[in-house]
Amino acid sequence: MSKKLRIIGGGFAGSEAAWQAGNRGVDVQLFEMRPVKSTPAHQTDNLAELVCSNSLRSNALENASGLLKEEMRRLDSLIVKTADETRVPAGIALAVDRDLFSKKVTEKIENHPSIEIVREEITSLEDEHPTIIATGPLTSPALSAEIARLTQGKYLYFYDAISPILHADSIDMSTAFLGSRYGKGMDEGDEGDYINIGLDESEYERFHNDLLEGEKVPLRDFEKAIFFEGCLPLEEMALRGKETLAYGPMKPVGIEHPETGETYHAVVQLRREDLTGDFFSMVGFQTRLRYPEQKRIIQNLPGLKNAKFLRYGSLHRNTFINSPRLVQNTLQIKRYSNIFVAGQLTGVEGYLESAATGLLSGIYASAMLEGDLIPEAPPTTSLGALTQYITTSKQKSFQPMNINFGLFPPFEKRVPKRDRRKRVGERALRDLDSWLEKLKIPAE
C-alpha cells in the first residue's frame, strides 16, 4: 500500500494527526478549507485556531486532563508541546496565548518535510484513499452530507458557547485585584495569575436578574436547546436557580482581597489571553446574549464600567457522529477500514481530547499503511479510556465527554478513595510506557 495519507481538517485533531503520521515517514496531505471557505466561529486561516477558551485545563497529574497531557507529551504531541511553549500564567492550568499558539502550530506543520497543506474544501470521500476525517464540529454542509451518506446515520448535535474577551486596560484595577484561587500556582511574592472582581449579594442578584431578562440569540426553530453540560451559557445556568452561578463559574471559595482580606458572595475571574497581558477572557462566561446586551450587562459589573471588548461571546452548533455504533476502537469507520475519524466529530469534548484522538488516528493510520497490526492504546491509559468511551458507550443517548477518572477501568482489588487518583495515574503511565515499547518509542 502506498504510504500516503489524506487528512481533512486543520484543527487540533487534524494538525496532531498530520504531525504523528509525518514523523513516522508517511507522506501527508493536510486539507484545510480556510480561507477559501470560512466557518461561523473561526477568525483566521491558521491551523489549530482556538475559537473557545484558551485553556487546556489542569496540568496536575491528580487531574484526568493533566494525566492525558503527560501521556501526550511522551508521544511527542505537537499540540501539548506547543501549548507548553506558548503558555500564559493561569495557576495550575495550561492556558496559551491563542494567536501565538496557532501561528506556531501552523509554522511547524508548514516546515515539516512530510506534510503538504492544501487549502481547499473536500466534499467527496468516494475514492479508497487512506483518510482521516478531522473536520470538527463545524464540518461544512457538503462534507457533512457525505459523511452521513457513508455512515447511513444522522448527525447528533449540541450548542456550544464562547466567552467574551476584554482589553486589559479597560478593567478598573482600583476595584479588581490580582490573585489565584487558594494561591495555587503562585510562588512567593507573586500577585496571582487571574484578575478577580468581587460581588456582594446585591450586586450578584442584579447580575442574575440581568441575565434572565437579557435578550438572547434564538436557536433554530426546529431544534431543541441541547447544550454541553461542561460549557453551559451563563443565562442557561441562571435559569437553574439563583445561586447556580455562585456555585459554578462565579464561585468565591478560595478567593479574598489581598489587602483587606474581604471575601465575597460571588467572584468574576478573568484569565490572561496573551503573553503581554493585553487581553483577558471572562472565565466561564460563555453566552448567547445579543452583543448589545452583553455590553450592557457586563458593564454593569463592578470594575467593568468602561470595559472594551476584543471579542463578544457567541453561540455555535456543534455536530458529532454516533461513534459507538459507527466507529471501531482503532478509530476506523466500521464499514470503511480506510477511513479514520478524529476530534470532536467523534464525540469527544474539548481541545485536549480532540488532539488526543488526532494523535491516535495518526499513529493508527501509519501502522495500517505499514501493513502492521494497529497497536491499540491500553484502556488503563487516558488515551485508551477516552477511545473506549466514544466507541463502546452504552448510553441510551450518546453525548460528548471530556476525559475524567470515571472513564478508567476499576482496579481488581479495592483502592482507598484518597489514593485512587494517584494509583490510576501510576498505572496509566506504567502501561503507557509498555505500549511505547511496542511503538518503538523510548519512554521518557
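The values are calculated or read from the model by the stated rules, or taken from the named source; none is laboratory data. Treat the numbers as computed from the prediction; the structure is a model and nothing was measured. Reconstructed Cβ throughout: ideal geometry from the backbone, glycine too, with neighbour counts over all protein chains shown. Just the protein is used for accessible areas: all its heavy atoms, side chains included, with ligands, DNA and RNA removed. Shrake-Rupley method; radii C 1.70, N 1.55, O 1.52, S 1.80 Å.
Among the listed residues Asn23, Asn54, identify the single one that is in contact with an Asp or Glu (Cβ under 8 Å, 6 or more places away or on another chain), of a type outside the set (D, E, K, R) and within 19 Å of Asn318 (Cα to Cα).
Numbers: Asn23 fails: within 19 Å of Asn318 (Cα to Cα).
Being in contact with an Asp or Glu (Cβ under 8 Å, 6 or more places away or on another chain), of a type outside the set (D, E, K, R) and within 19 Å of Asn318 (Cα to Cα) holds for just one of Asn23, Asn54, which is Asn54.
How many residues does segment 327-381 hold that are more than 17 Å from Thr139 (Cβ to Cβ), open to solvent by less than 20 Å² (accessible area, probe 1.4 Å) and touching a Gly at 6+ places or on another chain (Cβ under 7 Å)?
Total satisfying the criteria: 1.
Does segment 310-320 contain any residue that is among the aliphatic types (A, V, I, L, M) and either outside any strand (DSSP E or B) or open to solvent by less than 10 Å² (accessible area, probe 1.4 Å) (or both)?
Step one: filter segment 310-320 for residues among the aliphatic types (A, V, I, L, M), giving 310, 315.
Going one step further and asking which of them are either outside any strand (DSSP E or B) or open to solvent by less than 10 Å² (accessible area, probe 1.4 Å) (or both), we end up with none.
Checked segment 310-320: no residue is among the aliphatic types (A, V, I, L, M) and either outside any strand (DSSP E or B) or open to solvent by less than 10 Å² (accessible area, probe 1.4 Å) (or both).
Starting from residues that are closer than 21 Å to Ile171 by Cα and β-branched (Val, Ile, Thr), keep the ones in segment 241-268 and report whichever is surrounded by the fewest Cβ atoms within 10 Å (Cβ to Cβ).
Going through the qualifying residues, I end up with Thr260.
Residue by residue through segment 400-424, note down the ones that are open to solvent by 100 Å² or more (accessible area, probe 1.4 Å) and part of a loop (DSSP other than H, G, I, E, B).
In the first step, residues of segment 400-424 are kept if they are open to solvent by 100 Å² or more (accessible area, probe 1.4 Å); the result is 410, 412-414, 417-418, 420-423.
Matches in segment 400-424: Pro410, Glu412, Lys413, Arg414.
Please work out which one of (1) open to solvent by 10 Å² or more (accessible area, probe 1.4 Å); (2) at pLDDT 80 or above; (3) assigned to a helix (DSSP H, G or I) is the condition Gly230 fails and give its number.
Looking at each condition in turn, Gly230 falls short on (2).
So which pairs qualify, if the first residue must be in segment 107-118 and within 19 Å of Ala83 (Cβ to Cβ), the second must be among the basic types (Lys, Arg), the Cβ gap must be under 9 Å, and the two must be at least 6 apart or on different chains?
Pairs that qualify, where the first residue is within 19 Å of Ala83 (Cβ to Cβ) and the partner is among the basic types (Lys, Arg): there are none.
If I filter segment 124-156 down to residues being surrounded by 14 or more Cβ atoms within 10 Å (Cβ to Cβ) and of a type in the set (Ser, Thr, Tyr), which single residue comes out as farthest from the chain's Cα centre (by Cα)?
Thr151
Is at least one residue of segment 357-372 out of contact with any helix residue (DSSP H, G or I) (no Cβ under 7 Å at 6 or more places or on another chain), of a type in the set (Gly, Ala, Ser), within 24 Å of Leu5 (Cβ to Cβ) and touching a residue at least 12 places away in the same chain (Cβ under 8 Å)? Working first, answer last.
Going residue by residue through segment 357-372, those that are out of contact with any helix residue (DSSP H, G or I) (no Cβ under 7 Å at 6 or more places or on another chain) are 364, 367-372.
When the remaining residues are screened for being of a type in the set (Gly, Ala, Ser), the result is 367, 371.
With the extra rule that they be within 24 Å of Leu5 (Cβ to Cβ), the set shrinks to 367, 371.
Remaining after also requiring touching a residue at least 12 places away in the same chain (Cβ under 8 Å): 371.
Yes, there is a match, as at least one residue in segment 357-372 is out of contact with any helix residue (DSSP H, G or I) (no Cβ under 7 Å at 6 or more places or on another chain), of a type in the set (Gly, Ala, Ser), within 24 Å of Leu5 (Cβ to Cβ) and touching a residue at least 12 places away in the same chain (Cβ under 8 Å).
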